[in-house]
Amino acid sequence: MAHEPPFLETYKTLVQKHQGDSRNGYSSCSIVERCDIPLIDLSRLSLEREECMREIAEAAREWGFFQVVNHGISHELLKSLQIEQKKVFYQPFVNKSSTQAKAYRWGNRFATDLRQLSWSEAFHFYLTDISRMDKHETLRSSLEAFAIRMFSVAQSLAEILVCRLNTKSNYFREHCLPESSFIRLNRYPPCPISSKVHGLLPHSDTSFLTIVHQDQVGGLQLLKDGKWVGVKPNPHALVVNIGDLFQALSNGVYKSIKHRVVAAEKVERFSMAFFYCPSEEAVIKSKIKPLMYRKFTLMEYRQQTEKDVKQTGDKVGLSRFLL
């Protein structure tokens with residue numbers, strides 16, 4: 001179909017290299033059944049605030065992942081953005097890869113092995129990009145509404161988490177402005193070699209927090225106690241995960257957990273993610289002693305990640321900044 005990225009053609013050499021090689025499966029860890037990660041009802045913040053805050057912090061410490069319901073983002077808005085999301089992905093590939101090259105990404109151009117290939121495509125939108133989308137008025141409107149509401153949820157959760165560290169701080173209001181966060185729309189096409197590649201490579205997120213709305217296909221997995229755990233889709237919930245920046249800011253109290261998306265042979269999967277980030281010049285330094293990580297800026301972190309991906313095909317992450 002005209003909208004599909006040319007995965008097999010582009011990565012033909014890698015596919016042929018591993019054709020019939022059963023040892024090239026993508027997982028060295030066993031996969032367990034789908035599970036229910038901690039589910040938190042945010043409406044309880046009004047009547048059971050302390051207990052709800054405690055549960056949020058506990059999930060961030062023990063899992064690095066949790067789900068939230070009654071988050072204030074309407075089903076109608078999510079449905080509207082899902083419809084617009086499909087429209088933008090169902091454009092001919094030649095349009096996606098040329099006219100919107102800045103925002104559009106697919107596969108992994110640095111892959112030297114099938115295990116480094118993500119069978120997915122994505123559109124990345126900063127708020128400053130969204131405001132200039134004059135030719136896509138309905139998509140722009142949905143993205144703007146989504147960004148405003150997601151930012152509010154992310155800021156609220158971040159302030160709760162830093163408060164539970166007994167660190168009273170206005171850090172997030174000073175350094176995490178709406179324009180420094182971004183949205184990523186994801187599509188995972190059907191994959192004829194699904195046993196040999198990932199939908200999305202195992203990784204941890206750079207952000208402070210990532211908030212995801214996923215469809216009911218499933219495929220999101222997180223690494224828990226050395227095992228890949230499948231996250232059961234919940235149509236009413238958003239999935240929240242701690243990013244590397246929050247692990248550093250919390251001095252390792254909150255965990256940025258590796259996660260991935262598996263490729264599926266016959267179905268496509270969609271998700272939309274909001275990444276809560278500071279400005280590139282913001283300094284990440286914990287107030288908890290003794291320090292695990294040296295202070296760094298988001299710009300330094302991204303530059304190191306880009307360097308590592310070019311050299312190794314993968315992100316190394318926070319270990320680069322250990323003291």
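Assorted remarks:
- The set of residues in segment 96-111 being modelled with pLDDT of 80 or more and among the hydroxyl-bearing types (S, T, Y) consists of S97, Y104.
- Options L245, L223; residue that is under 29 Å from L165 (Cα atoms), part of a strand (DSSP E or B), at pLDDT 90 or above and under 15 Å from the mean Cα position of the chain (by Cα): L223
- Restricting segment 226-242 to residues that are assigned to a strand (DSSP E or B) and not β-branched (V, I, T), the residue that is nearest to K295 (Cα to Cα) is N241.
- Positions within segment 43-70 being surrounded by fewer than 18 Cβ atoms within 10 Å (Cβ to Cβ) and at positive phi, in sequence order: N70
- Of all residues in segment 75-104, those that are surrounded by 15 or more Cβ atoms within 10 Å (Cβ to Cβ) and under 19 Å from the mean Cα position of the chain (by Cα) total 7.
- Options V68, V32, V88: the member that is among the β-branched types (V, I, T) and modelled with pLDDT under 90: V32
- Within segment 205-220, being part of a strand (DSSP E or B) and either under 24 Å from I160 (Cα atoms) or not hydrophobic (A, V, I, L, M, F, W, C) (or both) holds for L209, T210, I211, V212, H213, Q214.
- Residues of segment 165-193 satisfying the condition of being crowded, with 19+ Cβ neighbours inside 10 Å and not in a helix (DSSP H, G or I): C176, S181, F182, I183, L185, N186, R187, Y188, P189, C191, I193
- Any hit, segment 205-213, residues being at pLDDT below 95 and either within 12 Å of the chain's Cα centre (by Cα) or among the aromatic types (F, W, Y) (or both): no
- Here R184 fulfils each of the conditions (1) of a type outside the set (V, I, T); (2) in contact (Cβ under 8 Å) with a residue 12 or more places away in the chain; (3) in contact with a helix residue (DSSP H, G or I) (Cβ under 9 Å, 6 or more places away or on another chain) apart from (3).
- Extreme residue, surrounded by the fewest Cβ atoms within 10 Å (Cβ to Cβ), among residues of segment 196-232 that are among the hydroxyl-bearing types (S, T, Y) and touching a Ser or Thr at 6+ places or on another chain (Cβ under 9 Å): T206
- The residues of segment 138-162 that are basic (K, R) and over 24 Å from M53 (Cα atoms) amount to a single one, R140.
- Each residue in segment 289-304 was checked for being under 20 Å from N166 (Cβ atoms) and surrounded by 15 or more Cβ atoms within 10 Å (Cβ to Cβ), and 3 of them qualify.
The values are calculated or read from the model by the stated rules, or taken from the named source; none is laboratory data. In this text, all values refer to a predicted model and were calculated from it rather than measured experimentally. Don't worry about glycine lacking a Cβ; one is built from the backbone with ideal geometry, like all the others, and counts go over all protein chains shown.
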